[in-house]
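Worksheet for the structure shown next.
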Amino acid sequence: MKKTLFLMLLAGATSCHTLDLNPLSEASTGTFYSNQTELELAVNDLYRLAFWGNDNELFSDNEWHRGQLTNAVIGGTMNADDAGVQTFWLNSYKAIARVNSFIANKERAAANTPAAVMLRLEAEMRLIRAYQYSRLVTHFGDVPLLTAPVALAESYGIARRNQAEVLQFVFDELDFAIANLPVSYGASETKRLTKGAALAIKARTALYTGKWQLARDASKAVMDLGIYALHSSYSQLFLKAGETSKELIISVPRDEKQQVFNGAGYVQDNISRNAGGYGAQLPTRDMMDAYECTDGKPIDESALYDPKAPFKNRDPRLTATIVEFNTQWLGYNYMPHPDSLTVFSSKENRRVPNKDTRAVAAFASFTGLLWKKGIDQTWPDRLVEDNDAIVIRYAEMLLTYAEAKIELGEIDESVLNAVNLVRARAYGVSVDQTAAYPAIAVTNAAALRKVLRRERRVEFPREGLRYMDLIRWKLAEKALSTPVVGLPDPAAQNRAKWPFPGVTPLDDDGLADYSGFGTDVKALSQRSFDKSRQYLWPIPAVERRVNPNITQNAGY
Amino acid sequence: MRQKILLGCAWLLASMGPLLAQVRQLTGKVTDEGAKDLPGVSIVIKGTQRGTVTDTNGDYTLALPDGEAVTLTFSFVGYQSQDITPGSQTKLNVTLKQSDNALSEVVVVGYGTQKKKDLTGAISSIGARDVGGRQTIQVSDALQGSVAGVSVTRSSGAPGSGSSILIRGITTIGTNSPLVIVDGVPVASIDNVNPGDVENITVLKDAASAAIYGSRGAAGVILVTTKRAKSGQGSLEYTYEYGVQRATATPEYVGVQDYMRYFNEQAVNDGASAGPFADAYIASYLDSNRVNPDHFPNTDWQKAILTRKSAPRQRHDLVFTMGTGKTKTKASLGYASSGAFYDNRSYDRYLFRVNNDMQVNDKISVNLDVFYKRTANKGNANELPSSAFNPIYEARIMPPIYDDVYQNGNFAVGKDGRNPLAQIRHGGFSRGLYNQIGGRMQFNYKPVNGLTLTALVAPVFDFDKTKYFSKQIRFTNPDGTVGTVVNQARTVLSEGRSEGVTLNGQVLVNYAREFNNAHSIDILAGFEENYRSLESLGASRSGFALTGFPYLNSGSTELRDNSGSANESGLHSFFGRLQYNFKSKYFIQGNLRSDLSSRFASQYRKAVYPSVSAGWTVSEEQFLKSTRWLSFLKLRGSWGEAGNERLLDKDGNPAYYPYMATIDFSTALFYQNGGVVPLTGGAQQVYAVENISWETSRTADIGLDASFLNDRLTLAADYYKKTTTNILLPLDIPLYMGYDKPNQNAGTLNVRGWELELGWRDRMNKLNYSVSANLSDAKSTVGDLKGTEFRGDQIVRNGSQYNEWFGYISNGLFQTVDEIKGAPVLNVTTKPGDVRYVDVNQDGKITTDDKVLLGGALPRYLYGGNLRADYEGFDVGVTFQGVAKKLSRLSSEVTQPFAEAFGNMPSEMVGKFWSNNNTPDQNLRATYPRLSRTSNAANYALSDYWLLSGAYFRLKNITMGYTLKQDMLKKTGVQSLRLYLSANDVFSLSKFPKYLDPESGSYSYPIVATFMAGATIRF
């Protein structure tokens, strides 16, 4: 009896759980891409912010962060172990691998997916892949070119491909996307990548790589689509109101409710201390001095410029981008003057201690400047920033067209018109109201180039375009080797020279020189771009460890 | 399966049968050598389960079967067993001798027990006094320094923190923690056992003894046996202990004026024309502070946040023991709690355990154990489990120029709204409640002499509950108006629930027999199944209008989020063991285990682990038997394989399906109908390699056990080599593959080491004393990793030690501009006062290619020991522990100024850093680089400049106790009363600056010294 029982127990213990266990909360790859929904899932994944975006503004002479002080680009400390470089590289190749996998396997769904949908999804995917390669070649030069899934064993034999070959691939792929993507989507459809997006990426890539004809033709094609237009208000474009503007060609939605947002740290770094922020991520003096006066002349040439009232008579984009002194900002009068110990708050309807002057708060904005562009009252109220990420907008296409034509020596009315469209919008007038804004009329190539470069700088601050401009114009070695300057300490501030001690001289490249002001400006930190190597980023070290065929860029 | 076993066991329990009647009565008294009555001595008729125990006066009565010659075994803990064959007498008095011979002890091994003298593998064991007697809250802490070859490290003394355990160094790249088995059943953590419940702990160190655990044995196995009642015992014991904990070392920071001066110096060094604090402002600061402290604060943040110099700790333990011939029960209820130096941080633990042994009849016995654990970890908002808010860190980096509390009592804005004190008082909380309930039912059946069949089922259920509430704090301006500045921008509540199930089922067949008084065999065969599953759920909301109701329903329905996940895994195993010995002289043993794991694809799932070991008791040979100074000598050798299936994914979490490519889901946002809509995305993220399989550790071990001078001096020594191959690594693949790294079988790791244990035990009249010490070393060298390197400040690569320091070689500080000219530098910002690095590859610049291996970060030459004595009612114990060789990095909290660009300046640096204000002579003597933020990354990059010897010696525990004599208490019904004083971690020696404890982590909760007083009363 007891023996039987024991045997029963034994039998019971051996008839146990199977070991063929499958993941419970994920899907398996074996059968993926087998219907339209799965194809769409695969495409949707690549619309995430990780795979899109322009460069860090802190890599340029437009912006500086008081706490971070420096970074690998402006500090000249870039090396092959740089984590940011590796993330950039890896994310690009992640998107590429997913597109390659999609293209190789999409036929699984052919039987149950309309051919038109298949083609559109494929075009979206090939556009995304081309965009990744475009970002890679512009930052790294030659890169491995993978266009189909690769088995791990084969991957160790891969070498970098010449930049020209990769570029040709990018342009061919973009042409496929241009041919097969719709011009626009209906309101009830999800807004996905369009023909215009493919053209715009093509135009930008061509511009960055000096392919002037391609840049000209692609940007012209965007203009000719007729569906894009400049947003009527420059300042509104970067706020919630502008998120569905016809000016936006590619933008990635962000939304706090969908858990895509920047938290308090980023918000507080960017807003004034009176409003509850830190005033740490700042416009540089160089940025401010780049804006023209209303007569269309730079500050060192214009009679309208007064260093004691530097916001007066300036291109309206200055006050749309940088907080003007003595104006209400986020509920408080913004005044960094060392003697303004209290300020009036329209929010609290009383005078409050002025934490935006360093006489009260030692770490208030070191340059005295604060960003305004893209920031509104919701930032301090919610301490959340969920503005959409603008990747490409129509103004860039206009300026791309103009620059390509200038470089091609094809200066004509269309060039002036393109630039003037952008300038007129800044003043809130139409392009033909030439009396109401300083329209460009010069046709001298050198002069136009200077205007065009200045125009790009003041049109796109905080949008991540300045870094690549400095790189491709070969200006980084000059612009990023000077000290970052700020206001003197409150005690050292010569009150008679408030806020700026004189007219900043600008050189032919529009770059400011503060060396003549002595202690009337304060050096905050030294920038040290290393021109011997930094025009290209280093190939991440791990690639060269696992695959000796991969070469390194010079100097790393 | 579980139902069947549970049903089976229940059926068995119901079928207990009565036993036969007997005829002849034998009575007597059992005493010790000092003629003291011995209660609770077990008297068993040999070959049966029948017997009795002595009563409180040492008297017994036993019925013997008439006419048969029987042998009685008298046994009692701590005494040598005696076999007596009574004649026809009716009275038999017996005197038991105290047992001195450690080698006669029985040691728990995998799926069974063995006599210590019969062991052929490398096994160490420690007893209850070594565990509970160390007065630690966690069992893992008690292991520090107690066993040769076991390295126990801790980095914090935070409430509830345990230690990490390594057996014989590093075995693999991923999970190196040993398998922990409690009473035969695998558990997640050794710290789920009450130290007071531990009867003994056995450590299986070599593969020969661990191979029986197959795929989980590679990193060694720790077997914990909990206390069970013995026949004749009957007591109720209560222990109360109260202790206070104090930090062993505390960093110090400069005063407010010096802070500003040094801050200015840093700003100027970094290219600023002047620092932010004017000289006049600094000079008048203290006066200004007296007049207007709200505007000119001078805050000692360490004092403000660490409100208690000593943190309390207490323990209650209630133990009930009752053993009769057929039913034995031991029940314990333990409560332990400890507090912290700052508010709202605490640890509470309830442990409940009932161990029942029931003898159903001659052939059948049942063990039925139940245990319950509940731990509660409480902390400030965001402090647990992520330590995103670390009050210790805050207390150490906040400089005095920021205010904590205004004169009017309101919380000040601190640094731009960062006021850690306000966060502690008003910032919310984080709580974790961890419940575990488990049981173990074991059924033993002995159908014929020597044969034992065992079936065991042990389910464990985990129910965890977490709640994290972080509240927005709005500050009030000094004038009473509400400020705009906030701390913790959003009020967020997140809750989590998870349910885990682990099941263990075992069927064992054991046959042990001795033939012709010469040949002993012991055969074991078994099957074991392990299954586990985990399902978890998380939910959160933000946008709370009111901050007083930490429940999800009071948050905004717009800002809510939730998540869920689940996974399961299983392991099936068959195993066997064969032991043979000839006249207890020649021993041979073989083990074989076959494991099948769900973590691998079905065709790569199976692994077989063999092991063999042999021993030769030389002292049993004729030529040594008469040697008087040598009591025992055995040589042994072993070889075996064990494996590791505990894989980790790219984020360091357990990987349950590492061979499968899976589609991970994501969310992307699109515009549709004028609004943002989330659409699901899907992508394969990790490149999967299907044919991955087990990693294997091979260990060869030779050792000897010896005792001398009538067993008073004992010695055990081992030398071993361990090689792990096919280590599953997240092998670097080209990033351009576009996938996260997959696990692949690639790596090799070699460990070589030795262990030495020495003990002396003796008695001088009424003074019993013992001394023991251990010393061990394990050096891990990384073999071929197919080119992969785990780089960082510590590296794992071919030829390096495991996690070896990896960085630049320094050559002092640059003193002048001329020295820098043309010298190789890390970057263009290098100035005098920066660390000079050696251009190892002589290419004229310092790049990451100049980094070299700088030495091992793992502890080497670990030692430990203890000293015990008792005299009459007094007892005293001292335990020490240390590490003789280790390279440690100086923690930034005492070596780096201005953390996060504004933090404190360590006092340690004062007068020791390079400065333009110094004379050249002073600068030559400088041991810290110039104050600079831009150069910090370069100066504090890992180099030998920041490494120092981490060797230390530590007095772990001193305990003194006095047990009141029974006679005085007997009338009150109290059996005994023990009072004791104890101290942990009171003293250490090391080369560290006085501000740092050699074991402490960077900015972590301090290592604490604990002073305790306690009493144990036994009824």
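The values are calculated or read from the model by the stated rules, or taken from the named source; none is laboratory data. Model, not experiment: these values are computed from the prediction. For neighbour counting, all protein chains shown are included, and Cβ atoms are generated from backbone atoms with ideal geometry for every residue, glycine included.
Among the criteria (1) in a helix (DSSP H, G or I); (2) farther than 30 Å from B:Q488 by Cβ; (3) within 14 Å of another protein chain (Cβ to nearest Cβ); (4) not aliphatic (A, V, I, L, M), the one A:Y266 does not fulfil is (2).
Considering only the stretch B:929-1019, give the strands (runs of 3 or more DSSP E) lying wholly within it that have at least 1 residues that are basic (K, R) and more than 22 Å from B:V910 (Cβ to Cβ).
The qualifying strands (runs of 3 or more DSSP E) are B:952-964, B:976-990, B:1008-1018.
Within the span defined as the stretch B:377-390, every residue fails to be over 30 Å from B:A899 (Cα atoms) and at pLDDT 95 or above. Taking the criterion of being hydroxyl-bearing (S, T, Y) and at the interface with another protein chain (Cβ under 8 Å from one of its Cβ atoms), the residues of the stretch A:17-52 that qualify are A:T18, A:S25, A:S28, A:T29, A:Y47.
For the stretch B:424-440, the count of residues that are over 22 Å from B:S386 (Cβ atoms), in contact with a Ser or Thr (Cβ under 7 Å, 6 or more places away or on another chain) and not in a strand (DSSP E or B) is zero. Evaluation of B:N581 against the conditions (1) out of contact with any strand residue (DSSP E or B) (no Cβ under 6 Å at 6 or more places or on another chain); (2) surrounded by 18 or more Cβ atoms within 10 Å (Cβ to Cβ) shows that the sole unmet condition is (1).
The set of residues from the stretch A:236-261 being among the hydrophobic types (A, V, I, L, M, F, W, C) and in a strand (DSSP E or B) comprises A:L248, A:I249, A:I250, A:V252, A:V260.
Here A:G518 meets the list (1) touching a residue at least 12 places away in the same chain (Cβ under 8 Å); (2) in a helix (DSSP H, G or I); (3) within 14 Å of chain B (Cβ to nearest Cβ) almost entirely, failing just condition (1). Only a single criterion out of (1) more than 30 Å from A:Y47 (Cβ to Cβ); (2) surrounded by 15 or more Cβ atoms within 10 Å (Cβ to Cβ); (3) within 14 Å of chain A (Cβ to nearest Cβ) is not satisfied by B:L679, namely (1). Counting just the residues of the stretch B:689-710 that are assigned to a strand (DSSP E or B) and among the hydrophobic types (A, V, I, L, M, F, W, C), which one comes out farthest from B:S613 (Cα to Cα)? My answer is B:F708. On the given criteria, is B:Y656 out of contact with any strand residue (DSSP E or B) (no Cβ under 6 Å at 6 or more places or on another chain), among the hydroxyl-bearing types (S, T, Y) and surrounded by 19 or more Cβ atoms within 10 Å (Cβ to Cβ)? No: the conditions fail for B:Y656. In the stretch B:563-590, the residue that is nearest to the other protein chains (Cβ to nearest Cβ) out of those that are closer than 30 Å to B:F665 by Cα and hydrophobic (A, V, I, L, M, F, W, C) is B:A566.
Using the structure shown, decide if B:R290 is basic (K, R) and within 25 Å of B:S1004 (Cα to Cα).
Values: basic (K, R): yes; within 25 Å of B:S1004 (Cα to Cα): no.
No.
Might you check whether a residue that is away from chain A (no Cβ under 14 Å), more than 24 Å from B:T1016 (Cβ to Cβ) and not in a loop (DSSP other than H, G, I, E, B) occurs anywhere in the stretch B:269-283? The answer is no; no qualifying residue exists. Of all residues in the stretch B:763-775, exactly one satisfies the criterion of being within 30 Å of B:I167 (Cα to Cα) and either surrounded by 22 or more Cβ atoms within 10 Å (Cβ to Cβ) or of a type in the set (D, E, K, R) (or both), namely B:N774.
Against the list (1) closer than 30 Å to B:T699 by Cβ; (2) without any contact (Cβ under 8 Å) to a residue 60 or more places away in the chain; (3) surrounded by 15 or more Cβ atoms within 10 Å (Cβ to Cβ), the condition B:L64 fails is (1). Looking across A:V73, A:V85, one residue alone is in a loop (DSSP other than H, G, I, E, B) and under 20 Å from the mean Cα position of the chain (by Cα). It is A:V73.
Could you tell me whether any residue of the stretch B:355-363 is without any contact (Cβ under 8 Å) to a residue 40 or more places away in the chain and assigned to a strand (DSSP E or B)? Taking every residue of the stretch B:355-363 in turn, at least one turns out to be without any contact (Cβ under 8 Å) to a residue 40 or more places away in the chain and assigned to a strand (DSSP E or B). Looking at A:A164, is it farther than 30 Å from A:E40 by Cβ and in a helix (DSSP H, G or I)? Against the criterion (farther than 30 Å from A:E40 by Cβ and in a helix (DSSP H, G or I)), A:A164 qualifies. Checked against the criterion of being in contact with a strand residue (DSSP E or B) (Cβ under 6 Å, 6 or more places away or on another chain), closer than 23 Å to B:E900 by Cα, surrounded by 15 or more Cβ atoms within 10 Å (Cβ to Cβ) and within 14 Å of chain A (Cβ to nearest Cβ), the stretch B:941-953 contains one or more residues that satisfy it. Number of residues in the stretch B:671-688 that are over 25 Å from A:F32 (Cα atoms) and assigned to a strand (DSSP E or B): the value is 4. If you go through the stretch B:805-849 one residue at a time, how many are acidic (D, E) and at pLDDT below 90? Number of matching residues: 2.
Matching residues to (1) part of a strand (DSSP E or B); (2) surrounded by 22 or more Cβ atoms within 10 Å (Cβ to Cβ):
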{"site": "B:R761", "(1), (2)": "yes, no"}
{"site": "B:D777", "(1), (2)": "yes, no"}
{"site": "B:G792", "(1), (2)": "no, no"}
{"site": "B:W805", "(1), (2)": "yes, yes"}
{"site": "B:N811", "(1), (2)": "yes, no"}
{"site": "B:D818", "(1), (2)": "no, no"}
{"site": "B:A823", "(1), (2)": "no, no"}
{"site": "B:V828", "(1), (2)": "no, no"}
{"site": "B:G833", "(1), (2)": "no, yes"}
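Could you give me the residue pairs with C-beta distances under 7 Å whose first residue belongs to the stretch A:541-556 and is more than 18 Å from B:M737 (Cβ to Cβ), whose second residue is surrounded by fewer than 19 Cβ atoms within 10 Å (Cβ to Cβ) and among the small types (G, A, S) wherever it lies, and which are 6+ apart or on separate chains? As it stands, the answer is A:N553/A:G141; A:G555/A:S532, since those pairs meet every condition given.
Only one of B:L729, B:L749 is within 18 Å of B:E789 (Cβ to Cβ), part of a strand (DSSP E or B), at pLDDT below 90 and not acidic (D, E); which?
B:L729
Can you find a residue in the stretch B:655-663 that is away from every other protein chain (no Cβ under 14 Å) and part of a strand (DSSP E or B)? Can you show your working first?
Taking the stretch B:655-663 and keeping what is away from every other protein chain (no Cβ under 14 Å), we get none.
Taking every residue of the stretch B:655-663 in turn, none turns out to be away from every other protein chain (no Cβ under 14 Å) and part of a strand (DSSP E or B).
Elements of the type strands (runs of 3 or more DSSP E) sitting completely within the stretch A:334-433 and holding at least 1 residues that are within 27 Å of the chain's Cα centre (by Cα), farther than 29 Å from A:L448 by Cβ and in contact (Cβ under 8 Å) with a residue 12 or more places away in the chain: these cover A:389-393.
What about A:A203, is it closer than 27 Å to B:S666 by Cβ, among the small types (G, A, S) and either away from chain B (no Cβ under 14 Å) or touching a strand residue (DSSP E or B) at 6+ places or on another chain (Cβ under 8 Å) (or both)? So A:A203 does not fit the description; no.
Applying the criterion of being facing another protein chain (nearest Cβ under 7 Å) and surrounded by fewer than 19 Cβ atoms within 10 Å (Cβ to Cβ) to the residues of the stretch A:243-258, the residue that is nearest to B:Y671 (Cα to Cα) is A:T244.
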